[in-house]
Amino acid sequence: MKIAVLIKQVPDSWAEKKMGSDGLLDRAGVDAVLNDNDEYAIETALQLVEARAAGDTVTAISMGPERTTDAIRKALSMGVDGAVHICDDALAGSDALATSKVLAAAISQGEFDLVLCGMEATDSRMGVIPAMVSERLDWPQLTFASEVVIQDSTIHITRSTESGVDRMNAQLPAVVSVVEKIFEPRYPSFKGIMAAKKKEIAMKSLSDLGLTPMDAWTKVLTSTPKPPKAAGVKIVDDGSGGEKLVAFLKERKLI
Amino acid sequence: MSQIFILLEGDELSSAGAELAIFGSRAGSVTAVICSNNPEALVASAATLPVERVIVLTGIDFAKSSLRSVSSVLAELVKRDSPAALLVASSARGKEIAARVAVRTESGIVTDAIDVNAALEATQSIFGGSYTVSSRVTHGTSIVTMRSHCVEVTTTTSSPAVEYFDGAGYVDTQVTITSSEPAQKSARPSLAEASIVVSGGRGTDGKFELIEEFADLIGAAVGASRPVIDSGWYPHAYQVGQTGKTVSPQCYIACGISGAIQHKAGMQTAKTIIAINKDPEAPFFEIADFGIVGDLFTVLQSAIAALK
Ligand SMILES: Cc1cc2nc3c(=O)[nH]c(=O)nc-3n(C[C@H](O)[C@H](O)[C@H](O)COP(=O)(O)OP(=O)(O)OC[C@H]3O[C@@H](n4cnc5c(N)ncnc54)[C@H](O)[C@@H]3O)c2cc1C
């Protein structure tokens, strides 16, 4: 089985994020890491090919500037076999529609059986890429999976939400996104880190994918930092804390 | 006047759905597209909102059908009527439907908006509420997914024209839903719908009884921080934060939660924030409108007593 995992490099979620004057995220100011949510997709891919039948491969696909290589190396050091890195100056400022078009084009070049993704990127937090890629490829979409099982050419997933537990399946090839509860991602071993240095990252430009530059179909008009919130009232419970809590809720007409 | 489409799903009108009508009516004449196995209730509710037309989808079993069915028909209707905007609730499902319609109709998309004005400029609160961004779609229909609890709903009386659209030809055959076990029906509101959320963190030590009792007394939903889920004290569907749900209720009450950046990412747009924590230095107090330094069990117990 050939699995593609879509990964993204994002600002470290522990860091304070800032906007640049162009209305885009200031990526220079913060550490860039592999999107946390994508590690679960990588782990899922690695577990699905754990037995390593002939022809089993896991390929990371990422679109981003040059330094995205760091995130790709992390994926490779976890055990991913190879990577495709779509890197093109014309892609700066791409919206989700353009990104999904690029990713779908890269997937189409690879004869994959399965595309795995994290549930969302921690920077944009749109969570729309898996659905868009599925729509563009016309492959079935099974998102927010907390369990994935493949039997022959059918993929079964379980999705747990507040409203209940749904089980669904589809024929491969399919696009599947996973939630963090699926598996605990492995840490790269020393051996893995060394091996990753020798693994191949195929660099692709837009024209390699047969695409031309695309305009973003959304425009940022203004972006304003929120004034820091004024500290509220803080009391120490002297036995009347609960009563004061209820009084506060009533005063604010919340109850 | 420009046409604005809104998507209403489910067996009854949700507060998020009602808000879509209010937002939509600012920018034009609202058409509600209704996807439900029992559409009568939604059609009746639409007549209490500023809605001028409803399109009821028929020929699809919405309980058994994947979201691709809904997005395909919706895309068809958008192509047919070219509305200025399509507003959808910002749930995971809503965002995916909107995403697919955007691809099919070559339209730009903005997600998680907290406001949209008559010029269809959408406002988002990003990076855990530290920036307010206004943006506009520049191509095709403006597809915007809206967070709930962002506008007050005042009911009116309208008499929308009712139209039916046969969606049978759009039923998705790619995905088979084999089973749906509904969660035990609880009287508690869902995290997305609730106007108050009471969340427990590691400080609860897994004891959620008082949190639940307090939540029920004030009509709130219950949420949790990640360690609570990791310890198996509460199901993942209730996790609030970067890798869980994003909620923006009127009021968020954090009990025994320290206030890590990844937790705040899921709740920082709450209008009023209350923190109960025994550590006076807990970071949650920095963003709390009302903070109580103390033992969460003692505080909740006395709050419950005060309510009774
Ligand atoms: C990639 C990534 C993603 C993450 N995603 C999420 C996410 O989606 N959601 C999330 O919540 N976290 C997430 N986290 C984890 C996050 O960083 C914090 O570790 C977590 O939020 C801490 O949970 P907590 O506040 O319940 O626990 P702690 O930080 O341990 O805090 C417990 C608090 O309870 C207080 N306390 C203890 N006993 C009592 C008592 N009796 N009465 C009152 N107060 C008491 C303590 O003073 C303390 O402040 C993520 C982390 C990473 C790295």
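If one computes P(r) from the Cα atoms of the protein assembly as shown, what percent of pairs lie at distances over 43 Å?
Values: 27780 of 158203 pairs.
Counting every Cα pair in the protein assembly as shown, those more than 43 Å apart make up 18 percent.
Could you line up A:Phe112, B:Phe297 from fewest to most neighbouring Cβ atoms inside 10 Å?
Details: A:Phe112 25, B:Phe297 19.
The most exposed by this proxy come first: B:Phe297, A:Phe112.
Quote the Stokes-Einstein diffusion coefficient, in whole µm² s⁻¹, for the stretch B:196-307, based on the Kirkwood radius over alpha carbon pairs, a temperature of 25 °C and a viscosity of 0.890 mPa s. List each step's numbers first, then the result.
Details: Rh = 13.4 Å.
My calculation gives 183 µm²/s for D.
Quick one: putting +1 on the C-beta of Lys and Arg, -1 on the C-beta of Asp and Glu, what dipole do you get for the protein assembly as shown around its Cα centre, in Debye to the nearest 20?
Numbers: 51 positive and 67 negative charges, 120 e Å.
It works out to roughly 580 debye.
Taking the Cβ of A:Lys250 as the centre, find all other residues whose Cβ is under 14 Å away and add up their charges (Lys, Arg: +1; Asp, Glu: -1). Walk me through the numbers before you get to the answer.
On the way: positive: A:Lys244, A:Arg252, A:Lys253; negative: A:Glu243, A:Glu251.
So the surrounding residues net to +1.
Lys and Arg at +1, Asp and Glu at -1: add these up for the other residues within a Cβ distance under 12 Å of A:Lys17 and post the number. List each step's numbers first, then the result.
On the way: positive: A:Lys18, A:Arg27, A:Arg125; negative: A:Asp12, A:Glu16, A:Asp26, A:Asp31, A:Asp123.
Every neighbour counted, the sum reads -2.
Among the complete DSSP H segments of chain B, which ones combine at least 27 Å of alpha-carbon extent along their axis with a mean Kyte-Doolittle hydropathy of 0.5 or more? Intermediate values should be presented prior to the final figure.
Working: long enough: none.
Helices passing the filter in chain B: none found.
Beyond 15 Å, how much of the Cα-Cα pair distribution for the stretch A:7-77 remains, as a whole percent? It would help to have the intermediate numbers written out before the result.
Working: 1472 of 2485 pairs.
Percentage above 15 Å: 59.
If a paramagnetic tag sat 7 Å from the Cα of B:Ala47 along the Cα-Cβ line, which residues of the stretch B:142-167 would have the backbone N under 14 Å from that point?
B:156-163
Using the alpha-carbon centroid of each, what span in Å lies between the stretch A:167-192 and the stretch A:56-78?
15 Å
Can you give me the long-range amide H partners of A:Phe144? Hydrogens built in the peptide plane at 1.01 Å from N, cutoff under 5 Å, separation of 5 or more residues or another chain.
A:Ser177, A:Val178
Over chain B, with a single point scatterer placed on each C-alpha, what log10 of the ratio I(q)/I(0) does the Debye formula yield at q = 0.07, 0.13, 0.16 1/Å?
Values, matching the q order: -0.30, -0.95, -1.26.
Show that you can apply the helix-only estimate: for the protein assembly as shown, add -39,500 (n - 2.57) for every DSSP H stretch of four or more residues, divide by all residues, and state [θ] at 222 nm to the nearest 500.
On the way: 15 runs with 149 residues, N = 563.
It comes out at -7500 deg cm²/dmol, rounded to the nearest 500.
Only residues of the stretch A:159-201 count here: report those whose backbone N is under 18 Å from the spot 7 Å along Cα→Cβ of B:Val171, or say none.
A:168-171
Can you compute the modelled spin-label distance between A:Asp26 and A:Met214, with each label point 7 Å from Cα toward Cβ, in nm?
2.9 nm
If you average the C-alpha positions of the stretch B:1-60 and of the stretch B:185-249 separately, how far apart do those two centres end up, in angstrom?
30 Å
At q = 0.12 Å⁻¹, what base-10 log of I(q)/I(0) does the Debye formula yield for the stretch B:3-170 when every alpha carbon is treated as an equal point scatterer in vacuo?
-0.46
How large is ³J(HN,Hα) for each residue in the stretch B:121-137, as worked out from phi by the Karplus curve 6.51 cos²θ - 1.76 cosθ + 1.60 (θ = phi - 60°), to whole Hz, x for Gly and Pro?
3J(HN,Hα) across the stretch B:121-137, in whole Hz: 8, 9, 10, 10, 10, 10, 6, x, x, 7, 9, 10, 10, 10, 8, 9, 6.
Could you give me the ³J(HN,Hα) list for the stretch A:31-46, computed from phi with Karplus coefficients 6.51, -1.76, 1.60 and θ = phi - 60°, whole Hz, x at Gly and Pro?
4, 9, 9, 5, 3, 3, 4, 6, 4, 5, 5, 4, 4, 4, 4, 5
Among A:43-53, A:14-24, B:81-91, what's the highest-first ranking by average C-beta atoms within 10 angstrom per residue?
Per-residue Cβ counts within 10 Å, averaged per peptide and sorted highest first, yield B:81-91, A:43-53, A:14-24.
Using the crude model of +1 on Lys and Arg Cβ and -1 on Asp and Glu Cβ, and no other charge, please compute the dipole size for chain B relative to its Cα centre, in debye to 20. Present the calculation step by step, with values, prior to reporting the outcome.
Numbers: 22 positive and 31 negative charges, 89 e Å.
For this selection, approximately 420 debye.
List the residues of the stretch B:172-208 whose backbone N lies under 18 Å from a point placed 7 Å from the Cα of A:Arg167 along the Cα-to-Cβ direction.
Residues B:175-184 qualify, since their backbone N sits under 18 Å from the label point.
Can you tell me how the stretch A:100-209 classifies by the Cα gyration tensor, rounded, prolate or oblate, using a/c under 1.5 as the rounded cut?
Taking the square roots of the gyration eigenvalues as a ≥ b ≥ c, the stretch A:100-209 is oblate.
For the stretch A:141-255, max minus min Cα coordinate along each principal axis, in Å, sorted largest first?
64, 42, 38
Using amide H atoms built 1.01 Å from N in the peptide plane, name the residues 5+ places from B:Thr272, or on other chains, whose amide H lies under 5 Å from its own.
For B:Thr272, the qualifying residues are B:Cys251, B:Tyr252.
Give me A:Met1, A:Met203, B:Met1, A:Met119 ranked fewest to most by other Cβ atoms within 10 Å of their Cβ, as a rough exposure proxy. Present the calculation step by step, with values, prior to reporting the outcome.
Numbers: A:Met1 17, A:Met203 14, B:Met1 8, A:Met119 23.
Exposure proxy ranking, most exposed first: B:Met1, A:Met203, A:Met1, A:Met119.
With point charges of +1 on the Cβ of Lys and Arg and -1 on the Cβ of Asp and Glu, referenced to the Cα centre of the protein assembly as shown, which listed residue (A:Ile42, A:Gly164, B:Ile97) lies farthest in the positive direction of the dipole?
Comparing the listed Cα positions along the dipole, A:Ile42 ranks first.
Along Cα→Cβ, 7 Å out, is where each label goes; now give me the distance between the ones at B:Asp279 and A:Gln47 in nm to one decimal.
3.1 nm
If the cut-off is a Cα-Cα distance under 18 Å, which lysines reach A:Lys199, setting aside same-chain residues fewer than 8 apart in sequence?
A:Lys199 reaches A:Lys2, A:Lys74, A:Lys191.
May I have the convex hull volume per residue, in Å³, for the Cα set of the stretch A:1-160? Don't skip to the end; give the middle numbers.
Details: hull volume 18.5 nm³, N = 160.
Spread over its residues, the Cα hull of the stretch A:1-160 gives 116 Å³ apiece.
In whole Hz and in residue order, list the ³J(HN,Hα) couplings for the stretch A:164-178 that follow from phi through the Karplus curve 6.51 cos²θ - 1.76 cosθ + 1.60, θ = phi - 60°; x for Gly and Pro.
x, 10, 10, 10, 8, 9, 7, 7, 6, x, 9, 10, 10, 10, 10
Give the shape of the stretch B:149-230 as rounded, prolate or oblate, defined through the alpha-carbon gyration tensor: a ≥ b ≥ c are the square roots of its eigenvalues, a/c under 1.5 means rounded, and otherwise the shape is prolate if a/b is larger than b/c and oblate if not.
On the way: a/c = 3.18, a/b = 1.52, b/c = 2.10.
Note, shape of the stretch B:149-230 comes out oblate.
For A:Val33, which sequence-distant residues (separation of 5 or more, or a different chain) have an amide H within less than 5 Å of its own amide H, given hydrogens modelled in the peptide plane?
A:Val10, A:Asp12
Can you return the aspartates and glutamates within cross-link range of A:Lys219? Criterion is Cα-Cα under 13 Å, with same-chain partners fewer than 8 residues away left out.
A:Asp22, A:Asp95, B:Glu121
Give A:Lys226/B:Lys185; B:Lys185/B:Lys207; A:Lys181/A:Lys244; A:Lys198/B:Lys245; A:Lys17/A:Lys250 a once-over and call out the pairs whose C-alpha atoms are over 29 Å from each other. Working shown, then result.
Working: A:Lys226/B:Lys185 39 Å; B:Lys185/B:Lys207 21 Å; A:Lys181/A:Lys244 38 Å; A:Lys198/B:Lys245 39 Å; A:Lys17/A:Lys250 35 Å.
Beyond 29 Å between Cα atoms: A:Lys226/B:Lys185; A:Lys181/A:Lys244; A:Lys198/B:Lys245; A:Lys17/A:Lys250.
Stretch A:Asp89-A:Ser108 to full length: gain in nm at 0.36 nm per residue minus the Cα-Cα span? Spell out each step's value before the answer.
Numbers: separation 19, 0.36 × 19 = 6.84 nm, distance 2.19 nm.
Using 0.36 nm per residue and subtracting the Cα-Cα distance, I get 4.7 nm.
Only the coordinates and a few stated rules stand behind these numbers; no lab work does. For clarity, every value in this text was computed on a predicted model and none was experimentally measured. With ideal geometry, Cβ positions are generated from the backbone for all residues, glycine too; neighbour counts draw on all protein chains shown.
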